[in-house]
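Working notes for the structure below.
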């Protein structure tokens, strides 16, 4: 059952939703860009959480600083990385020993920067990392990355840019495109959940 929770990120209090399923594996799920309406109640974020929960993961979605009832203000990805670390620490405090990251759009970018900097992440999934909108370091490597899902009509993550980027991040990571789907998954949520569920079953 999903319950509202609060946790600290430095001096800030952040709001989230926790679905405690299993102590041995959990996932922190991050939302799209706060300045463009991104929040934890985003349908793509909710779909990601559903897919993980179906496979027995404890899930934690939360609002970055300055979003909803979370304190603070947008920090262009820097403070948001601290927020993800705080969410991971919250899960660890609940006894979760294997912590995964999954992010959509801006959330995927934040997770990637944090993981590249050495965060202790077991595995990572990225949904529509916005390579045409936000800068990913050219030398970034993400050995924890094992799946990237994107719509084949995503202007923020075009295949011409995303394919080479994923090969750079981790050459064994799978890159899957959902047909007739754009960045906002208006007609692709069911396909997204199916792709994630199939991946997590392996």
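The values are calculated or read from the model by the stated rules, or taken from the named source; none is laboratory data. Note that the coordinates shown come from a computational prediction; the quantities given were computed from them, not determined experimentally. With ideal geometry, Cβ positions are generated from the backbone for all residues, glycine too; neighbour counts draw on all protein chains shown.
Some observations on this one:
- Residue check for residue 17: in contact with a helix residue (DSSP H, G or I) (Cβ under 9 Å, 6 or more places away or on another chain), assigned to a strand (DSSP E or B), without any contact (Cβ under 8 Å) to a residue 60 or more places away in the chain and surrounded by fewer than 21 Cβ atoms within 10 Å (Cβ to Cβ): yes
- Subset of the stretch 5-14 [surrounded by fewer than 18 Cβ atoms within 10 Å (Cβ to Cβ) and in contact with a strand residue (DSSP E or B) (Cβ under 6 Å, 6 or more places away or on another chain)]: 5, 6, 13
Here's the yes/no breakdown for (1) at pLDDT 95 or above; (2) closer than 14 Å to residue 29 by Cβ; (3) assigned to a strand (DSSP E or B); (4) under 16 Å from the mean Cα position of the chain (by Cα):
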| position | (1), (2), (3), (4) |
| --- | --- |
| 64 | yes, yes, no, yes |
| 74 | yes, no, no, no |
| 85 | yes, no, no, yes |
| 92 | yes, no, no, no |
| 99 | yes, yes, yes, yes |
| 107 | yes, yes, no, yes |
| 119 | yes, no, no, yes |
| 135 | yes, no, no, no |
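- Residues that are farther than 22 Å from residue 196 by Cα and touching a residue at least 24 places away in the same chain (Cβ under 8 Å) were ranked within the stretch 92-112; the one that is surrounded by the fewest Cβ atoms within 10 Å (Cβ to Cβ) is 95.
- Among the residues examined, residue 77 qualifies as surrounded by fewer than 24 Cβ atoms within 10 Å (Cβ to Cβ) and touching a helix residue (DSSP H, G or I) at 6+ places or on another chain (Cβ under 6 Å).
- Qualifying residues in the stretch 164-179 (those that are out of contact with any helix residue (DSSP H, G or I) (no Cβ under 9 Å at 6 or more places or on another chain) and loosely packed, with under 14 Cβ neighbours inside 10 Å) - the one farthest from residue 57 (Cα to Cα): 164
- Matching residues, the stretch 37-62, being without any contact (Cβ under 8 Å) to a residue 40 or more places away in the chain and either more than 19 Å from residue 193 (Cβ to Cβ) or part of a loop (DSSP other than H, G, I, E, B) (or both): 37, 39, 40, 41, 56
- Condition met for residue 36 (modelled with pLDDT of 95 or more and within 16 Å of residue 109 (Cα to Cα)): yes
- Boolean, residue 153 is assigned to a loop (DSSP other than H, G, I, E, B), at pLDDT 95 or above and at negative phi: yes
- Complete set of residues in the stretch 187-202 that are at pLDDT 95 or above and either within 10 Å of residue 52 (Cα to Cα) or assigned to a helix (DSSP H, G or I) (or both): 189, 190, 191, 192, 193, 194, 195, 196, 197, 198, 199, 200
- Filter result (closer than 16 Å to residue 78 by Cα, out of contact with any strand residue (DSSP E or B) (no Cβ under 7 Å at 6 or more places or on another chain) and crowded, with 16+ Cβ neighbours inside 10 Å) within the stretch 113-136: 113, 114, 116, 119, 134, 136
- Selection count where residues are at pLDDT 95 or above and in contact with a strand residue (DSSP E or B) (Cβ under 6 Å, 6 or more places away or on another chain), scope the stretch 16-33: 12
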